Structure formats: structure tokens, C-alpha cells
1. Could we say that R63 is in a helix (DSSP H, G or I) and of a type in the set (K, R) here?
2. Name the residues in the range 8-33 that are among the small types (G, A, S) and either open to solvent by less than 100 Å² (accessible area, probe 1.4 Å) or within 33 Å of the chain's Cα centre (by Cα) (or both), would you?
3. Can you pull out every residue in the range 1-27 that is assigned to a loop (DSSP other than H, G, I, E, B) and either in contact (Cβ under 8 Å) with a residue 24 or more places away in the chain or of a type in the set (V, I, T) (or both)?
4. Is it true that S159 is polar (S, T, N, Q) and open to solvent by 50 Å² or more (accessible area, probe 1.4 Å)?
5. For residues in the range 73-115 being of a type in the set (S, T, Y) and within 21 Å of M126 (Cβ to Cβ), which is most open to solvent (accessible area, probe 1.4 Å)?
6. Residue by residue through the range 115-153, note down the ones that are of a type in the set (V, I, T) and over 21 Å from M98 (Cα atoms).
7. Which of the numbered conditions does A144 fail, given that it passes all the others? Conditions: (1) without any contact (Cβ under 8 Å) to a residue 60 or more places away in the chain; (2) surrounded by 13 or more Cβ atoms within 10 Å (Cβ to Cβ).
8. When you check L153 against the structure, is it surrounded by 17 or more Cβ atoms within 10 Å (Cβ to Cβ) and not basic (K, R), yes or no?
Amino acid sequence: AVAQDGQLISGIIAAGDRDQVVSAIREKNQLPVQIDEIIEKKDVDLLAFMKKVKLKDLAVFCRQFYTMLNAGITIIKCLDILQQQTENKKLREVLTAMYGSVHKGAALSEAMKNHRDVFPELLINMVEAGEVSGTLDNIMERMATNYEKESKLNNKIKSAMIYPIILSILCIVVVIFMLTFIMPTFIKMFETSDVPLPAPTKFLIGLSSFIGSYGWMLFLVIALIDLSVCSGIISM
């Protein structure tokens, strides 16, 4: 860029897009001459598909937004502060994109509509109603309280489900252990006797033989089921 005294200067500006860079340069009373984008290399996060914005994150977002609005801070300044302080990586990226949209003149609700995978429809509609009525701060306070209650309820549900899941897993492990290591000792005894075996006993013998041959497949299926159940509980 060219400064007011005609001196050619260079530097690095972190922004969402090229338009934000131009605006930042002009705010310093400088004339942009050349803008080159630097693409940062990002580490591959193998668990990124499991990350999401939880109710707790939304509650914190609404509560902080309400606090700043109530203190007289503008919406765009609130977004600027939140994008720097938010711990959730996905929400931070969304807030950065929203900051760019609002900086260009879009309403807060319009910026949120571009990220319906993060913000629930209820929150978007309530924010839009708050913008129209001029009570956005009150709306944010109500939504913060709502998501805080939902988050506490989900935590109670998680706590109630942990014990039955652990107990069921232990029961399955014990049954598999008995059929794999204990039952074969009785099979030899049954084979040497000429006494006809009842149907339940034949079923257990067959099940023991199946687990002995394909136990790894059964273990894999159980592990996948447990993983899916635990993932569903964690994402609540």
C-alpha cells in the first residue's frame, strides 16, 4: 500500500476475505496497491467430523452477546470480540464469517441464516424478531436461559445413561468370556457321553463354537455399536 506521504509499505492483515483487507487498509488512510493471499497450512483433524456446536456453546454465545449489548457495545463489535474469545473452533470460524457479512451491511439474522447447521431455526427467528422490535438484548438473554436449561437437562440424561451402558457392556463381555473359555471345557464332556442333550444346551454349544470361530467379528460389531451409542450421548 501507499501511505499519505507517498511511502510504499507492506504488511500482513488477517481477514475473512479480500474486501475486508481493502477496508482495513483504507481505514488507515492508505491506498492499496497489491494484495496477495497467504494460504495457511492446516493440520488434518481426524475427529473433525465429530465436532459440533453444542447447546452449551450456544448458551455461552447468547449470554456473552446479551452482556455486551446490554453494555452498549455494537453488534459488529460484539462479533469481533466473540470471534477472538470463543473456544469452540467451528463456532469461531462461523463468527468470523458472520463478522465479515455484518461488516458489509448484512443484518445479524441474515448472517446467521448462512449457517443453519450451527444456529437452530428458533434462535435465528428470535434474533430476527429482536432486530425488528429493537429488543435484541432481551432476546439474547432469553435464548441464553433457554439453552442453559436444555444443556443441564441433557447432562442429567447423559449421567443417567452412563451406568446402564457400562453395565450392559460388562454383561456382554462376561457372557462372551464364559462361552469362549469356560463352555469348551464342558463340550468335551458332553461329546463323550451318549446322553441326548436338550435344545438350550445344543444352542449354547453352537453359540460357543461360533464365537470361537468368529469372535473377532462379534467384537467388532459390539465395538461399533458402543461407539455409535457413546457418540450420540456425547453430541447431545
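1. Working: in a helix (DSSP H, G or I): yes; of a type in the set (K, R): yes.
When the stated conditions are applied, R63 passes them.
2. As a first pass, look at the range 8-33 and keep what is among the small types (G, A, S): 10-11, 14-16, 23-24.
The answer is G11, A14, A15, G16, S23, A24.
3. Result: A1, A3, Q4, I9, I12, I13, A15, G16, D17.
4. Judged against the criteria, S159 is a match.
5. T74
6. T145
7. That leaves (1) as the condition not met.
8. Spelling it out, it is not the case that L153 is surrounded by 17 or more Cβ atoms within 10 Å (Cβ to Cβ) and not basic (K, R).
The values are calculated or read from the model by the stated rules, or taken from the named source; none is laboratory data. Quick caveat, the model's predicted, so the values are computed rather than measured. Cβ atoms come from the backbone with ideal geometry, glycine included; neighbour counts cover every protein chain shown. Please note that ligands, DNA and RNA were not included when accessible areas were found on the heavy atoms of the full protein model with its side chains. Shrake-Rupley method; radii C 1.70, N 1.55, O 1.52, S 1.80 Å.
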